[in-house]
Number of protein chains: 2
Amino acid sequence: MNKPVQARTLKTRAKLIDAAKAVVAESGYEALRVEEVVQRAGVAKGTFFAHFRDKDALMDQLLGAQLREILDDIAAGPQPRTAAEMVTALAPLIAFATSERYVFDVVIRHSGAAAITEIGPIALAFEQQFRLSLQWVTHPDLPVRDDIPPELLAEGIGAFLIQAISLAFCALHSSVSVEERLEPYLRAWLR
Amino acid sequence: MNKPVQARTLKTRAKLIDAAKAVVAESGYEALRVEEVVQRAGVAKGTFFAHFRDKDALMDQLLGAQLREILDDIAAGPQPRTAAEMVTALAPLIAFATSERYVFDVVIRHSGAAAITEIGPIALAFEQQFRLSLQWVTHPDLPVRDDIPPELLAEGIGAFLIQAISLAFCALHSSVSVEERLEPYLRAWLR
DNA sequence: ATCTAAAATTGACCATGGTCAGTTTAATAG
DNA sequence: CTATTAAACTGACCATGGTCAATTTTAGAT
């Protein structure tokens, strides 16, 4: 039933991930080149693609892990009691998602799982974000409208978050910060 | 002040666009190859990139034109009087945006203008969609909440539209159609 | 220890988007 | 008509993601 995975495999995979993280730390996500990663990891190019379906799959791992960390931090923080506090709590997530245009593109591309059997880290992070929003919205300290199911409310928060972030990359709407844009959305949505 | 654009230029550009449209008609957007386009247009590869910054810029033109047509059609239709009617009116837009995963990706990537001086067709289509929503929302036949500015209401419609479409590509949420998902969002948002 | 099959790895090779120095064509001046 | 200059065009070349038949390594059986 289980696949017999060799220790060698895990080691190679770790070398690739470590090399990739080093490249990202030095030059950012967009500048990452597969060739650079495999050279640092000391493996052949083909090995990379034996471990990751494509370059995007590596990005899924890297970005998903980062998102997970950020969300864990947010979840460990206090329960927001207003829309404004919710925006403040989400600030680290917004900062990361807007740090590079490329990051946002990749995140969007992986936000939905392509298939049930292969839910990637980024898709999981979106689920985590949804659950966190759901938790916030059902907490008594945050007064919200009660005429719609909390699940819908939580999904809406996600929709406005994406909207606010994507407008950050738009020259037409760059006069206000993402946070300033998100807050009125959430206030109106949560009523 | 004006740039002296030669008739030859327009002709070459038209040949490229026509060739691209033919390829898309035959095989879809994702299958489009620059090499194929230039061969059909009878020009060299370099010429393509003298006319379009990159392949994405061509896609911006093609998809933007298509979106504009669809939005013009929708605008020519009747004023929706309920959230359900609004979803019905938006159906052609949804159908196009979900026709290919690649289409959605490109549209998202161009949804915001990268710079004030170069607002592409897709960004314009988003503006058009916003204005149409604004028109709908300020029409007396559609009863909506009046505690928030109509501009915010219109932007929210856009946010939920994107959310519903992006969930269409998500295996985790594929049990319901985009329209079925969008309607409760809009009902709740418009109150 | 040796054999064997499966897993892991390799690197030459391919596909495709994108670049640019050099060439051709068109517009304008004299 | 010819010279001059700027615009348009060309295609060889590059950059980079991705493939795959061949090779090496590992785990397990005898």
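Quick notes on this one:
- Output for the stretch B:56-72, where each listed residue is open to solvent by 60 Å² or more (accessible area, probe 1.4 Å) and within 16 Å of DNA strand D (Cβ to nearest atom): B:61
- Qualifying residue in the stretch A:104-119 (condition: at pLDDT 95 or above and not in a helix (DSSP H, G or I)): no
- Residue satisfying all of: in the stretch A:23-38; over 20 Å from residue A:104 (Cα atoms) and surrounded by 14 or more Cβ atoms within 10 Å (Cβ to Cβ); nearest to DNA strand C (Cβ to nearest atom) among these: A:38
- Given (1) assigned by TED's automatic domain parsing to the domain that holds residue B:157; (2) without any contact (Cβ under 8 Å) to a residue 12 or more places away in the chain, number of the condition residue B:64 does not satisfy: (2)
- Checked against the criterion of being assigned to a loop (DSSP other than H, G, I, E, B), among the charged types (D, E, K, R) and within 16 Å of DNA strand D (Cβ to nearest atom), the stretch B:34-54 contains one or more residues that satisfy it.
- Qualifying residues in the stretch A:1-22 (those that are assigned to a loop (DSSP other than H, G, I, E, B) and more than 10 Å from DNA strand C (Cβ to nearest atom)) - the one surrounded by the most Cβ atoms within 10 Å (Cβ to Cβ): A:2
- Top-ranked residue in the stretch B:87-140 [being among the polar types (S, T, N, Q) and more than 10 Å from every other protein chain (Cβ to nearest Cβ); ranked as least open to solvent (accessible area, probe 1.4 Å)]: B:133
- Pairs meeting the criteria (first residue in the stretch A:10-38 and within 14 Å of chain B (Cβ to nearest Cβ), second residue more than 9 Å from DNA strand D (Cβ to nearest atom) and assigned to a loop (DSSP other than H, G, I, E, B), beta carbons under 7 Å, at least 6 apart or on different chains) are A:30/A:100.
- Matching residues, the stretch A:169-179, being open to solvent by 30 Å² or more (accessible area, probe 1.4 Å), facing another protein chain (nearest Cβ under 8 Å) and assigned to a helix (DSSP H, G or I): A:172, A:173
- Some residue of the stretch B:30-41 being under 30 Å from residue B:136 (Cβ atoms), more than 21 Å from the chain's Cα centre (by Cα) and of a type outside the set (A, V, I, L, M, F, W, C): no
- With respect to the conditions (1) crowded, with 19+ Cβ neighbours inside 10 Å; (2) within 12 Å of another protein chain (Cβ to nearest Cβ), residue B:147 falls short on a single one, namely (1).
The values are calculated or read from the model by the stated rules, or taken from the named source; none is laboratory data. The structure presented is a predicted model; accordingly, all values stated were derived computationally and were not measured. Neighbour counts run over all protein chains shown; Cβ positions are idealised from the backbone, glycine included. Note: areas computed on protein heavy atoms with side chains; ligands, DNA, RNA excluded. Shrake-Rupley method; radii C 1.70, N 1.55, O 1.52, S 1.80 Å.
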